[in-house]
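The values are calculated or read from the model by the stated rules, or taken from the named source; none is laboratory data. As the structure is a prediction and not an experimental result, all values here were calculated from the model. Counting neighbours? That spans all protein chains shown, and the Cβs are built from the backbone with ideal geometry, glycine included.
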Amino acid sequence: MSEIIKATSIELHSFIKTKYEEGFNYLLDITAIDYSEYVTANEEQFALVYILRHESFKEHIVIKTYLKKLEIETITDIFRGADWLEREVYDQYGIIFKKHPNLRRILNHKEFVGHPLRKSYPITKGQLLHEVDDLIEEMNNRLLSKNVVCKLESGTFSDCNKDLMFLNLGPSHPASHGTIRTYVALDGETIECAVSEIGYLHRGFEKSCENHTYNQIIPYTDRLNYCSAISNNISFVKTVEEMLGVEISERAQAIRVMLLELSRIEDHVVCLAAVLVDMGGLTNYWYMYNPREDIYDLLSKLTGARLTNSYMRVGGMTNDLYEGFEEDLKEVIKKVKYGVEQTLSLIKHNRIFHDRTQNVGVISAENALNYAMTGPNLRACGVAFDMRKDAPYYGYEKYEFDVVVGSVGDVYDRVMVRFGEIDESIKIIEQVMQNLPEGEVCVKDNSITLPKKEAVYTTIEGAMNQFKLTFEGVKVPIGEHYGSIEATNGELGFFIVSDGSGIPYKVKVKAPSFTAMSAYPEMVEGAQLADAILTLGSLNIIAGEMDR
Amino acid sequence: MELNSPSLEVAITTKLDEAIGWARESSLWPMIFGTACCAIEFMSVAASKYDISRFGAEVVRFSPRQADLLIVAGTITYKQAPILKQIYEQMSEPKWVISMGACACSGGFYDNYTTLQGIDEIIPVDLYVGGCPPRPEALIDALLKLQNDLRTNKYNPNRHEGFKGRLDNV
Ligand code: SF4
């Protein structure tokens, strides 16, 4: 379980400030807990949780503060990444952040009444939206900050002092990668101001977790970052296993590492394919996407599903590798290498590619850290933060691989870092397969993993065991814990609160796409419209993970 | 070929309906309303292994005004619903709708405060494809079924006349 540092709500801001100065200058997540139905009595009904990482990236701290009144001072003046995170807490729990620059709903729509993550909100109570938010108010405030409009005495805004055109990019737009909406004010082709709206794919993951057992949640995790489902599975079960205090077998660890890297490849190829299409390089799509089909074939043979694998279980995984897996994997890797090689031969010395990507969509390392960007997007700025090196798990320290970093933090770097990471992942996979330990893939503990099928069909104990575990779920000890891994888009974490039952009391996802997207409007202001499309593609925003 | 070649003196007789049905069948222009995981499977349908263009429906348009087949691939949340309705209304007649995946068909396993329990609460649907996500073959199967029905003129142009969705007239 994570060690929790307590702070009072009055001193919280200054407490976080001191921590920031001590080197905890990377904000991972902010969330709240509604204790109204918790097993033990707590100081207050609501508590806020802040998770910070140290600048060495090696450790993190969890700070908790109970709220007497449902309000607290914002920390957006310390972390810009806090802006959207606080809006989410406001939206889901109704906690007010004083002095927040733009405290509006973010995931739920503007006609929504109530705060869905409060325990008192019924899970199935849906509310229709009749008219989409026009975002004009937000845009005006943004224009105001740039002195393009002024505030009139009547409280309304003046006309622009420039001839601007307003345009919606998304949420249904071929280059909006799913369901992301950005409202831009254009001066010719140049973006003067941009505001993004998310939440179009908010599917209530966190609320759904509160009425499913731990293993039932695994299919939901598949659909967070659906381009690399298995890495979400692993991050979730790893956090639960840490709470249970179980260690999975060496074989299971090695298989998880191999699959994590395979998912990374799977995700990067689709991101790269898409970003190259956005640039007009359609041919690359076929070269990059075809190996993904081969990975699908391999994974469906192993897990039964192409995309939404649900392969992991608390304490292990559904089944061991099949006979002949290794040969199949080798074939797949060969095809991935071929696809990468062909694509690189098309773009590496291609003038158009270089002109379109270099010094486009730049974010500095300092800003990226302040926005809590992570993964390849952060590494593209030259920050070598990689959980696999900085806080290794599953024996990553045993494998030889490099952390690929960029230097400028532009589209070019983000694309090339991903190409580089595919190579590194292949290296890791090869090392894992060379020394794959023997043994079981699931821990032998009746209270965690299901018994063998023979036992279920032939013995009463086996049948009872299966029944109880399926219906009641794996019982996780009371406590609060944050666990994370280096997923394809960066640090993917889960903050879980357990009340001792088989169903989590609360689950919060620390989603890498969420923070990356919060930096996006600033990144594209001043850029050309066509470059904004590339910038979005190169950030690899996955709506399922961002909106949850 | 010579203009006076006897082989040109061939005439095909058909009924107008059938000629139109044939034309429609072979020139579907899909518009993808892809929101989530199912849209990733649609990418496979469009890529070279499954290759939707083999069935004469590859001119994927992202502008509803140029399309006559709406494929809704992915979860539609309440926040997304008015947009879906607007897109549907922007398409000109005749038009058809395929609902791809459990979420679009029924809300899937997102039975919670965020998700519309099936897009047919908002717009009329002609074909439902189950699965979470459906395999590419399943979507192609739906497409073939639609084409078959178009050929035989099964679709009554007035079939959705009485349709009233939850966002209509409010
Ligand atoms: S049906 Fe399944 S795969 Fe498709 S969008 Fe819904 S959750 Fe994703």
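Only one entry in A:LEU302, A:LEU298 is without any contact (Cβ under 8 Å) to a residue 24 or more places away in the chain, under 22 Å from A:LYS427 (Cβ atoms) and assigned by TED's automatic domain parsing to the domain that holds A:GLN216, namely A:LEU302. Any residue at all in the stretch B:142-151 that is within 14 Å of chain A (Cβ to nearest Cβ) and surrounded by fewer than 19 Cβ atoms within 10 Å (Cβ to Cβ)? The answer is no, given that none of the residues of the stretch B:142-151 is within 14 Å of chain A (Cβ to nearest Cβ) and surrounded by fewer than 19 Cβ atoms within 10 Å (Cβ to Cβ). When B:GLU41 is tested against the conditions (1) within 16 Å of the ligand (Cβ to nearest atom); (2) touching an Asp or Glu at 6+ places or on another chain (Cβ under 7 Å); (3) facing another protein chain (nearest Cβ under 9 Å), the lone failure is (2). Test each condition in (1) touching a residue at least 60 places away in the same chain (Cβ under 8 Å); (2) closer than 28 Å to A:ARG251 by Cα for A:GLU461 and report the one that comes out false. Going through (1) touching a residue at least 60 places away in the same chain (Cβ under 8 Å); (2) closer than 28 Å to A:ARG251 by Cα one by one, A:GLU461 breaks only (1). A count restricted to the stretch B:13-34 and to residues that are within 16 Å of the ligand (Cβ to nearest atom) and either more than 8 Å from chain A (Cβ to nearest Cβ) or within 23 Å of A:PRO291 (Cα to Cα) (or both) stands at 2. Restricted to the stretch A:273-381, the set of helices (runs of 4 or more DSSP H) holding at least 1 residues that are within 14 Å of chain B (Cβ to nearest Cβ) and closer than 18 Å to A:VAL417 by Cβ comprises A:282-303, A:325-347. Determine whether B:ALA104 is within 11 Å of chain A (Cβ to nearest Cβ) and within 13 Å of the ligand (Cβ to nearest atom). Against the criterion (within 11 Å of chain A (Cβ to nearest Cβ) and within 13 Å of the ligand (Cβ to nearest atom)), B:ALA104 does not qualify.
Of all residues in the stretch B:84-96, those that are more than 16 Å from the ligand (Cβ to nearest atom) and closer than 28 Å to A:HIS109 by Cα total 7. Of the residues making up the stretch B:137-164, those that are in a helix (DSSP H, G or I) and either touching a Pro at 6+ places or on another chain (Cβ under 7 Å) or within 16 Å of the ligand (Cβ to nearest atom) (or both) are B:GLU137, B:ALA138, B:LEU139, B:ALA142. Out of the residues in the stretch A:207-218 that are facing another protein chain (nearest Cβ under 10 Å) and in contact with a helix residue (DSSP H, G or I) (Cβ under 8 Å, 6 or more places away or on another chain), state the one that is surrounded by the most Cβ atoms within 10 Å (Cβ to Cβ). Only one residue fits best here, namely A:SER208. Taken together, the residues in the stretch A:32-71 that are surrounded by 20 or more Cβ atoms within 10 Å (Cβ to Cβ) and touching a helix residue (DSSP H, G or I) at 6+ places or on another chain (Cβ under 8 Å) amount to 8. Picking from residues in the stretch B:114-136 that are buried (at least 24 other Cβ atoms within 10 Å of the Cβ), more than 10 Å from the ligand (Cβ to nearest atom) and within 9 Å of chain A (Cβ to nearest Cβ), the one that is nearest to A:TYR121 (Cα to Cα) is B:THR114.
Looking at B:GLU89, B:GLU41, which is the one that is under 15 Å from the mean Cα position of the chain (by Cα) and charged (D, E, K, R)? Result of the check over B:GLU89, B:GLU41: B:GLU89. Answer yes or no as to whether B:LEU84 is more than 10 Å from chain A (Cβ to nearest Cβ) and surrounded by 21 or more Cβ atoms within 10 Å (Cβ to Cβ). Spelling it out, it is not the case that B:LEU84 is more than 10 Å from chain A (Cβ to nearest Cβ) and surrounded by 21 or more Cβ atoms within 10 Å (Cβ to Cβ). Restricted to strands (runs of 3 or more DSSP E) entirely inside the stretch A:446-540, no element has at least 3 residues that are closer than 30 Å to A:ARG379 by Cα and polar (S, T, N, Q). Of the numbered criteria (1) within 12 Å of the ligand (Cβ to nearest atom); (2) more than 21 Å from B:TYR155 (Cβ to Cβ); (3) small (Gly, Ala, Ser), the one B:SER99 fails is (2).
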